[in-house]
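Right, one structure below, let's go through it.
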Amino acid sequence: MALRLHDTATRGMRDFVPLEPGRVSIYVCGATVQSAPHVGHIRSGVSFDVLARWLQASGYEVTFVRNVTDIDDKILAKAVEEGRPWWAVAAHYERAFAEAYRILGCLPPTIEPRATGHVPAMTTLMRRLIDAGHAYASDGDVYFDVASFPEYGALSGQRMADMQPAADADPNARKRDPRDFALWKGTDGDPGWETPWGVGRPGWHLECSAMAREYLGPAFDIHGGGLDLVFPHHENEIAQSRAVGDGFAQYWMHNAWVTTAGEKMSKSLGNSLLVTEVVKRVRPVELRFYLAAAHYRSSIEFSDEALADAAAGYRRLEGFVQRAVERVGEGADAPLPEAFVAAMDDDLGVPAALAVLHETVSEGNRMLAAGATDGLAELLGSVRRMLGVIGVDPLDPLWAAGGASDAARRALDVLVGGRLAARQAARAERDFATADAVRDELKAAGITIEDTPSGPRWALEP
């Protein structure tokens, strides 16, 4: 493997050398669970799922940590807005994110820790920072002393002298420097956890440093997240961890935004871009293909037209797989094309990798058209391996019924199979009126039928 990654910290390409041979450790900042996920939220999940799949395909054992921020000012505000406990709000939207990841085919992380479950680890980190002179307690709060860490600003390329006050600046002047950021926020109400500095709750940045160390140790390979997290969140994570001597992340990767009209996607755009709404317009596998097809560092300008084009492109790939399977079965074990490997090793160059995939499928379609089967099983196996790296192999059980759960897929197989058998029996008896009625019944239910030499094939309509 000759993987090269664009490292945000050095602003250039670097050869990827894991800390431990054969193993890769990844920490990705997950959701702050205060609203339902839209496609902009979920792009990070898809991007880093492709990274994990590629590392696994390259022979690495991957430990993948993606946290859940389940306590935050935004969650508390949402709880007031919705008139229910903060923990109920967090649990509700955490389930919504989990379902969005699932229906878009993201492999589950090795562990998905919640912030509220790691207050002891945060307390330990705060004590280390205070003992080292990099943090201080003030009237129940604990702050990081930014001036004590000369490297502060290196990730985002900012100079200390040009920085504005931290977003959590307060009028009570509890900070020594307005640029200092909160590690711990003292509170007299709910929620609150007991620490040596009083009852309070964690600051946003503290939790990720604590959880990364808890599961990946003082140094790990890759830290990922959205581009909007570079400053202040990731800058602050680096300060917290390296100030106490932890190596922390060796490589930093940031996916770009999904935009609408050139602006970062946000919840103010309404519900039409929620994942649950978009998958009513295209199948989940097609939405995943759309989000994965662009380079992870390139912005995606979302539009229904672009989404429809991506869905059509995916269906062409899917159609080849289905036709080839009818000829030669599910394919033979075959290596990935060298050009595909080279593209993926070049900073996860999915667009160039997909070009190789399309070329291979075109060759396969020519073989099918000519009635040739010699070498087709190997070509199909190669195509399926490429699709699997992107996470969109049509034969993956997740996609077999348009993203339905395994139980729903089995139910659909039984129900649709019964109606297709009735249609075949009517056709055998030349009762075409009944056969057409069954076809129309299935179409009205969103199921399309394609008659093939080996029998009818069905699929859910996009």
Helix 73-82 axis, angle to the chain major axis (alpha carbon atoms, nearest 10°): 60
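Per DSSP H run of n ≥ 4, the term is -39500 (n - 2.57); total these for the chain, divide by its residue number, and report the mean residue ellipticity at 222 nm rounded to 500 deg cm²/dmol.
On the way: 14 runs with 201 residues, N = 462.
Rounded to the nearest 500, the figure is -14000 deg cm²/dmol.
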Between the modelled labels at H92 and V17 (7 Å from Cα along Cα→Cβ) the distance in nm is 5.1
Report the trypsin sites (Lys or Arg not before Pro) located in region 168-223 that are in a DSSP loop and have at most 14 other Cβ atoms inside 10 Å of their Cβ, or state none. R176
Computed log₁₀ I(q)/I(0) - Debye formula, equal Cα scatterers, no solvent, the chain, q 0.07 Å⁻¹: -0.43
With a ≥ b ≥ c taken as the square roots of the eigenvalues of the C-alpha gyration tensor of region 304-390, please select rounded if a/c is under 1.5 and otherwise prolate if a/b is larger than b/c or oblate if it is not? oblate
Region 304-390 - percent relative contact order, Cα under 8 Å, separation 6 or more: 40
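Over the chain, calculate the relative contact order: mean separation of alpha carbon pairs under 8 Å at least 6 apart, over the residue count, as a percent.
On the way: 712 pairs, mean separation 72.7, N = 462.
Over the chain, the number comes to 16 percent.
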Taking the 0 to 90 degree range and rounding to the nearest ten, how far is the long axis of helix 86-103 tilted relative to the main principal axis of the chain, both from C-alpha atoms? 40
What are the trypsin sites (Lys or Arg not before Pro) within region 1-93 that DSSP puts in a loop, where the Cβ has at most 15 other Cβ atoms within 10 Å? R11
Please state the equivalent ellipsoid semi-axes for region 4-264: what are the square roots of 5 times the Cα gyration tensor eigenvalues, largest first, in whole Å? 28, 23, 18
What's the ranking of 214-222, 306-314, 442-450 by average number of surrounding C-beta atoms within 10 Å, highest first? 214-222, 306-314, 442-450
Inter-part gap, Cα centre of region 1-57 to Cα centre of region 295-317, in whole angstrom, is 21
Helix 376-390 vs. the chain, principal-axis angle (Cα, 0 to 90°, nearest 10): 30
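Read-outs throughout are calculated quantities, based only on the coordinates presented, and are distinct from any laboratory measurement. Source: prediction; values computed, not measured. With ideal geometry, Cβ positions are generated from the backbone for all residues, glycine too; neighbour counts draw on all protein chains shown.
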